[in-house]
Amino acid sequence: MINNILRILFFVTLVTSSSAKTNILLITVDDMSCDSVGSFGCAIQDITPNIDKLAKQGLRFKKAHVQVGNCYPSRNVMLSGRYPHTSKVEGFYQIKNIKYPVLCDLMKGGGYYTAIRGKVNHSTPYHPYDWDEDLTLLKDGKKAHMKDANTYYASTQRGIKNARSANKPFFLNINISDPHKPFWKPGDNHPTSKIYKANDVPVPGFLHDDPTIREELALYYSSVRRADDCVGAIIKALEESKALDSTAVFFLSDHGMPLPFAKTQLYHHSTNTPLIVSWPGVTKSGTINNSHMVSAIDLLPTFLDIAKIDEPKNLQGRTFLPLIKGDKQNLRNLIFKEYNENAGGFRNPMRGVQTHKYLYLFNPWSNGKRTMATATNGTATWKRMLLLAKQNENIKKRVNVMRFRTTEELYDINKDPDCLHNLAQSKDHQNTIKSLRKTLQEWMKETNDHALVSFDPNNSEVMEAYVQSKQLESDNRRKKNKKTSSPKVKKSS
Ligand SMILES: [Ca+2]
């Protein structure tokens, strides 16, 4: 009798330990600034009720950043745990024969069912993608429309169901397309639950208050709302599948809004991301972490820690599971950023380090003639700025900053989060800049960054030689990829 009871207990323990592996749901939004979310300080009341509900249930990281200001490389950092110059995914192209495992390999190896919706080719540096399932495809084999909030319900529900059929815990990566362009527009076939008008919206401090810019911002914020509708659909599927209590939900954006001075840059609002972790029984409801800096490089080690899967060698971030559990962690006082090229392969390399107080940027591409090639040059906001610059000196200055930059930038993030006052030449800040240069240089050395050869801000020759050699590499890669362009890589950023 006792033996039988012990046997049953042992069996129950076994079943519990294998089925008790935590599910992980990673939700991303595309091109959404941190402060566009209500619970991260958006001035529009109740703009993101579903994301805010998630924040209320879980933990918000106020000082979380992504590494890169554009999509493809930013997402590869999240799922490879390596900086772009290490993973070699610096732009919008695939790398074949990679020598390191990525998230879906690792999670699958650890017994997880892995599935993804949207941005599939941005998630993994090679093809074919090793996910168990692409949830972008609907039951009838058609692709779900990326702006259709309801289809996010079906994708999530199916991922959970199929993981259960396979008798495995799941890792789902659901990538919402909004508020990436095209923005929601009047008469759109894919509704948003709330439409904002030009007068309703806040104008970010890095842009100017102008009717045309407000019009574009209103479409952006209406798209932020539609992204929130998608989050609502995903969480509804999680709840209805009765998986809410066994799932750690992560939410963040791949970088800031698709307007000048945010997307494709490394400014504060380019990389600050509304990271939420909601994990019933682990995270404390409604808590805020405002004292530790975490970044996208830390996501993969954290997922592996939660899943109790061994880390592969040479990951460049570290788990922040202790912070998720409400503990403290040391050495969380700075994060590194990098940018290399846009979706068209045009090189404007930048490196940066941000601390609790300062952001230091190094822009070797800035030679007074070369301009910034970016998707935001096509926006109504930028076109309006170019027009206004003809009569307005302040706007002209901003246009010139955007186009030409300077080799070094330094901002006091607490006083100037919009990065309007470059302190690089300020006499009072020379010790700060020296110390941050050193920190950045050490990181570049430690991570074998090819940009290290250019890190001599007063030597225009070495910077120029570096940028030109990297541009040539990019041009050659594009030529080669055009010749052997299979499979096709979508250039959306
Ligand atoms: Ca993006």
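Data for the structure
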quantity: 222 nm mean residue ellipticity, helices alone, for the chain (DSSP H n ≥ 4; -39,500 (n - 2.57); rounded to 500); calculated: -11000 deg cm²/dmol
quantity: More than 19 angstrom apart: percent of Cα pairs within the stretch 336-493; calculated: 61 percent
quantity: Dipole of the chain, positive end: most advanced residue of Leu217, Pro258, Val453 [Cβ charges, Cα centre]; calculated: Val453
quantity: Cα-based convex hull volume of the stretch 288-425 per residue, rounded to whole Å³; calculated: 168 Å³
quantity: The stretch 86-141-the stretch 358-416 distance, computed between alpha-carbon centres (Å); calculated: 35 Å
quantity: Fraction of alpha-carbon pairs over 46 Å apart in the chain - percent; calculated: 9 percent
quantity: Proximal charge balance of Ser366 [Cβ under 13 Å; K/R count +1, D/E count -1]; calculated: +3
quantity: Cβ-based exposure ranking for Glu446, Glu133, in which fewest neighbours within 10 Å come first; calculated: Glu446, Glu133
quantity: Relative packing of peptides 191-199, 422-430, 22-30, 157-165 - highest average C-beta neighbours within 10 Å first; calculated: 22-30, 157-165, 191-199, 422-430
quantity: Lys143-Ile288 pseudo-label distance in nm [points 7 Å out on the Cα-to-Cβ vector]; calculated: 4.0 nm
quantity: Relative contact order for the chain, counting Cα pairs under 8 Å that sit 6 or more residues apart, in percent; calculated: 21 percent
quantity: Rough spin-label spacing in nm, given labels placed 7 Å along Cα→Cβ, for Val462 and Lys479; calculated: 2.9 nm
quantity: Other-chain or far-sequence residues with amide H under 5 Å of Tyr113's (modelled H); calculated: Phe170, Phe171
quantity: Top positive-direction residue, dipole computed over the stretch 337-483 with Cβ charges, set Leu436, Asn377, Leu410; calculated: Asn377
quantity: Lys263, Lys438, Lys470 arranged by Cβ crowding within 10 Å, fewest neighbours leading; calculated: Lys438, Lys470, Lys263
quantity: Packing-based order for 413-420, 119-126, using average beta carbon neighbours within 10 Å, highest first; calculated: 119-126, 413-420
quantity: Nearest-0.05 FRET efficiency for Arg403 and Asn431, computed from C-beta distance (R0 25 Å); calculated: 0.25
quantity: The stretch 412-462 - Rg over Rh from alpha carbon coordinates, Kirkwood radius; calculated: 1.03
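Each value in this text was obtained by applying a stated rule to the coordinates, not by laboratory testing. No experiment lies behind these values; they were computed from the predicted model shown. No Cβ is skipped: glycine too gets one built from the backbone with ideal geometry, and neighbour counts run over all protein chains shown.
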